[in-house]
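S.K.: Pasting a structure below so you can have a look.
The values are calculated or read from the model by the stated rules, or taken from the named source; none is laboratory data. As the structure is a computational prediction, the values presented were derived from the model and not from experiment. Cβ coordinates were reconstructed from backbone atoms using ideal geometry, including for glycine residues, and neighbour counts include every protein chain displayed.
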Amino acid sequence: MRSPIGLGFVFLNVLLQQLGLPVPVVPTLVVAGAVAASGRMSGPALYALAVAACVIADSTWYSAGRRYGGRVMSLLCRVSLSPDSCVSQTQGVFERWGARALLIAKFVPGLALIAPPLAGATRMQFGRFIIFSTVGASLWVGAALLAGALLRTQIERLLPQAVQVGGTAAAVLVLLLAAYIAYRWWERRRFLAALDMARISVAELREQMDAGAAPLIVDVRSTTAQTLEQHRIPGALHVPVQDAARHLEELPRDREIILYCTCPNEASAAKVARLLMDAGFRRVRPLKGGLEAWIEAGYSVEAFPVPAPAGADPSPSPQPIS
C-alpha cells in the first residue's frame, strides 16, 4: 500500500505546529515512524526534516524574542490557552535549568512555544541556543518516531481502515481538536476568573505616594522577568511569585500592600494577592496594568542590576527612566 503521508507533509505539519498553530503533530510523527519502519519512507530523511522543521521554528521565535523582548512574551501569553504556564512555569523552569530547559521543552505543554522566544529575550547566546534546541528537537522527534516503529504492526492494521473511512476519520479528528481547544479555552477562562479582584490604578498609587501615605509596594516578577525589564517602581520590595509563600511572615499586616508584575491580566500579582488574602491579609491589591502601565503613565522608575542568565550575550546596562 502506498504511504498515506509524505516527507513534505510531515515537514510542513511539524513546522506549522512548532510555530504555534493548534494542529496535531505527534500522531503524524507516530504514523510516519511506522511507515518508515516498514521501508516505505526514508527514515533518516524523515528524522532530519522533522528536526529541521523544529529548529527553523525555534530559531524564528528566538529571533523574535531577541528583537522584541518582553513584548513577544506578553503577546504569546495573551493568546495562549495555558496562561498559567506563561506566568510562572516557563520562567521558573528557565531559572532552574537555564539552556537545559530546551532539552525538555517540547515534552512539556506550554513550555514548547514559550521557551525559544524567552531564550532570545534573555539574550542566550545563539550558538548555545541552537545546540540545545537541536538536541531537544532530536529527542522529541526521535521519541515519536520510535513509538511509531514499535507500534508498526498495529498501525499498519489500522491504516487501511482509516483510508476507507477517510472522511469520517478526518471529521472525528477535527471534532477532537475542537473539543481540546474548547477545554483549554474553558480552563483559561476559569484561570482568569480566579484572578478577578479589586485593583488599584497607577494614578491612585501615585497619589498615595505623593501624599506620604505610600503602601508597601511589592515586585512579584521572577528574576527572568526582571531581566526583560530592568526597572522597578521606586522603593519596591522584590518577592518573586514562586517564593511568596516563604515570605508571608516578613510582610506587614498593618499596611496596604500593592503587588505588581509585567504579565497579562496582572496574573502573577493577582496570584500572590490571593495567597496573601487566604493567609489573612486584608489590604492587598494588584496594580492594574502592572509596571508597563506605570511606565506608560510617565511615572518615575529606578534601574537596578539583574545578574545575566548563564550563557547570555552581554548587553548594555539599563538607563534610568524619569
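S.K.: Keeping to the range 236-255, report how many residues are in contact (Cβ under 8 Å) with a residue 40 or more places away in the chain and either assigned to a loop (DSSP other than H, G, I, E, B) or surrounded by fewer than 20 Cβ atoms within 10 Å (Cβ to Cβ) (or both).
M.R.: 2
S.K.: Show the residue pairs meeting these rules: Cβ distance below 6 Å; 6+ apart or different chains; first residue within the range 209-221 and assigned to a strand (DSSP E or B); second residue basic (Lys, Arg).
M.R.: Correct list of pairs: LEU216/ARG255; ASP219/ARG232.
S.K.: Keeping to the range 32-52, report how many residues are in a helix (DSSP H, G or I) and either touching an Asp or Glu at 6+ places or on another chain (Cβ under 6 Å) or more than 13 Å from GLY6 (Cα to Cα) (or both).
M.R.: Adding up the residues that qualify gives 5.
S.K.: To continue, here is another question. Go through the residues of the range 223-234 one by one and say whether even a single one is of a type in the set (Asp, Glu), modelled with pLDDT under 85 and not assigned by TED's automatic domain parsing to the domain that holds GLY70.
M.R.: Within the range 223-234, one or more residues are of a type in the set (Asp, Glu), modelled with pLDDT under 85 and not assigned by TED's automatic domain parsing to the domain that holds GLY70.
S.K.: Out of the range 195-208, which residues are crowded, with 17+ Cβ neighbours inside 10 Å and either at pLDDT below 85 or assigned to a helix (DSSP H, G or I) (or both)?
M.R.: LEU195, VAL202, LEU205, ARG206
S.K.: Please go through the range 1-51 and give me each residue that is hydroxyl-bearing (Ser, Thr, Tyr), more than 25 Å from the chain's Cα centre (by Cα) and either crowded, with 18+ Cβ neighbours inside 10 Å or at pLDDT 90 or above (or both), ordered by number.
M.R.: Scanning the range 1-51 gives SER42, TYR47.
S.K.: Another question, if that's okay. Out of (1) under 15 Å from ILE200 (Cα atoms); (2) buried (at least 24 other Cβ atoms within 10 Å of the Cβ), what's the single condition that is false for ALA225?
M.R.: Among (1) under 15 Å from ILE200 (Cα atoms); (2) buried (at least 24 other Cβ atoms within 10 Å of the Cβ), ALA225 violates only (1).
S.K.: For the range 135-157, state whether one or more residues are assigned by TED's automatic domain parsing to the domain that holds ALA36, farther than 17 Å from ALA32 by Cα and modelled with pLDDT of 85 or more.
M.R.: yes
S.K.: Could I ask something else about it? Being over 12 Å from ARG221 (Cβ atoms) and either part of a helix (DSSP H, G or I) or without any contact (Cβ under 8 Å) to a residue 12 or more places away in the chain (or both) is the filter here, so list the residues in the range 256-270 that pass it.
M.R.: PRO264, ASN265, ALA270, listed by residue number.
S.K.: Considering only the range 82-100, I want to know if a residue exists there that is at pLDDT below 90, more than 29 Å from LYS271 (Cβ to Cβ) and not assigned by TED's automatic domain parsing to the domain that holds CYS261.
M.R.: no
S.K.: For residues that are among the hydrophobic types (A, V, I, L, M, F, W, C) and part of a loop (DSSP other than H, G, I, E, B), scanning just the range 285-301, find the one that is surrounded by the most Cβ atoms within 10 Å (Cβ to Cβ).
M.R.: Taking the candidates together, the pick is VAL301.
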